[in-house]
1. Based on a Kirkwood Rh over C-alpha pairs, give the Stokes-Einstein translational diffusion coefficient of region 261-344 at 20 °C and viscosity 1.002 mPa s in µm²/s.
2. What ³J(HN,Hα) values, in whole Hz, does the Karplus curve 6.51 cos²θ - 1.76 cosθ + 1.60 give for region 41-52 when θ = phi - 60°, with x put for Gly and Pro?
3. Rounded to two decimals, what is Rg over Rh for region 58-190 when you use alpha-carbon atoms and the Kirkwood radius?
4. Treat each spin label as a single point 7 Å out from the Cα along the C-beta direction, and report the Asp161 to Ala274 distance in nm.
5. Could you check the spin-label model distance between Leu110 and Leu309? Points 7 Å from the Cα along Cα→Cβ, value in nm.
6. Just Val31, Val203, Val167 to compare: in a GNM of the chain, with alpha carbon springs under 10 Å, which one fluctuates most?
7. Can you compute 3J(HN,Hα) from phi for each residue in region 136-146, using the Karplus curve 6.51 cos²θ - 1.76 cosθ + 1.60 with θ = phi - 60°, rounded to whole Hz and x for Gly and Pro?
8. Per residue of region 262-274, in order, report the coupling 6.51 cos²θ - 1.76 cosθ + 1.60 (Karplus, θ = phi - 60°) as ³J(HN,Hα) in whole Hz, putting x for Gly and Pro.
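Just so it is clear, none of the values below were taken in a lab; they were calculated from the coordinates. In this text the structure is predicted, and so the values were computed from the model without any measurement. So basically every Cβ, Gly included, is an ideal-geometry build from the backbone, and we count neighbours across all protein chains shown.
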Amino acid sequence: MHARLLATLCVFSMVALPVAAQAPAAQAPQVTVSGVAYLQYLYQLKDTAAHNNNFDVTRAYINVIGRFSGGLYTRITVDVNRPPAVTTDNSLRYRLKYAYAAYTPQGSSLTYKLGQIHTPFIDWEEALWDYRMQGQMAMERGGYLSSSDFGLGVDGNWKADKVNMQVGIYNGEGYSGGTGDKRKDLMGRVSVRVSETDDASRVGGLRVTAYGHYGKPTTGGIRSRLLGMVSYRSKQITLAGEYAITRDSVTAGVKNPGSVASVFGVYHFSNSKAALLARVDLTDPNTNVGNNRLTRFIGGASYQLSPNLRLLADLDMLSYQGGAPTPALEATRSQAYFQAQFTF
């Protein structure tokens with residue numbers, strides 16, 4: 001009887017083992033570490049008295065990304081930067097830029113995010129411009145938008161980025177402004193590719209993009225932004241123009257109307273690692289008040305020395321309608337840069 005039982009078990013094991021070997025194994029977690037840093041030399045062109053110039057590391061990001069089975073994705077990004085010079089210690093500091101969990105159901109076009117996440121527009125526009133190493137985009141530089149905030153968001157992607165969108169509810173004060181109070185901001189962007197090019201990325205092709213933002217600051221009042229953009233991007237050329245209307249108030253009373261316009265372009269030379277770039281930003285913080293418009297011109301040339309190292313020489317010149325308000329602003333309104341970006 002024992003011999004018969006042993007034979008039965010042997011036959012069962014020979015049948016069961018191949019079946020078990022064919023069962024799909026759970027996807028092993030994938031954790032990657034990457035980084036990007038921006039280095040620069042700056043010379044103040046208008047500082048004819050002190051001739052101020054310096055070397056600096058303006059940003060250094062460390063990304064830790066986890067990819068897990070079941071559509072789960074996690075990200076933590078540390079931002080190393082120089083704080084405002086308010087203390088005797090002006091060492092570089094680190095702070096949290098992103099920390100979130102994302103979930104994409106199998107077969108879904110939607111991804112759900114929770115934590116300290118991207119806001120809908122700045123990260124997308126930086127991917128289009130592709131020269132964050134030079135400085136912030138017009139809406140962020142003017143203090144109207146932040147690239148990161150605490151909140152809950154949804155990303156959408158249809159037909160290989162023919163249409164992509166992002167919408168979320170956020171604290172509204174940006175990642176450097178704290179958690180705020182009971183008031184929240186609603187932000188959303190949608191981008192539609194109306195014509196194809198040889199760039200099939202989320203920002204490639206001829207696109208029409210709209211962004212909306214409405215909320216209430218911690219101080220009360222309102223905060224609203226409406227923005228429209230038309231852009232074209234191929235592997236050789238990037239062209240884009242945007243116009244935004246802003247409304248801000250710290251109380252329920254007067255709403256200061258403002259506007260921001262930005263036009264930029266990049267040209268990559270054929271069979272070369274060199275490119276030319278130019279950008280013009282027009283910022284009017286209050287269209288009801290005259291002589292307060294700011295005009296910024298950025299122009300330069302870049303060279304991709306290797307896949308992990310890009311060099312950029314550029315001018316960044318700011319003019320004030322009606323003249324610079326103070327001698328200090330006059331001395332720092334125009335700079336010459338030599339900048340580098342490396343990744344790993």
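1. My calculation gives 145 µm²/s for D.
2. My calculation for region 41-52 gives 10, 10, 10, 7, 6, 8, 8, 6, 8, 9, 6, 5 Hz in order.
3. 0.98
4. 2.8
5. Modelled inter-label distance: 4.6 nm.
6. Val31
7. 6, 6, 4, 5, 7, 5, x, x, 8, 9, 10
8. Karplus-based 3J(HN,Hα) across region 262-274 equals 9, 10, 8, x, 9, 10, 9, 5, 5, 6, 8, 9, 9 Hz.
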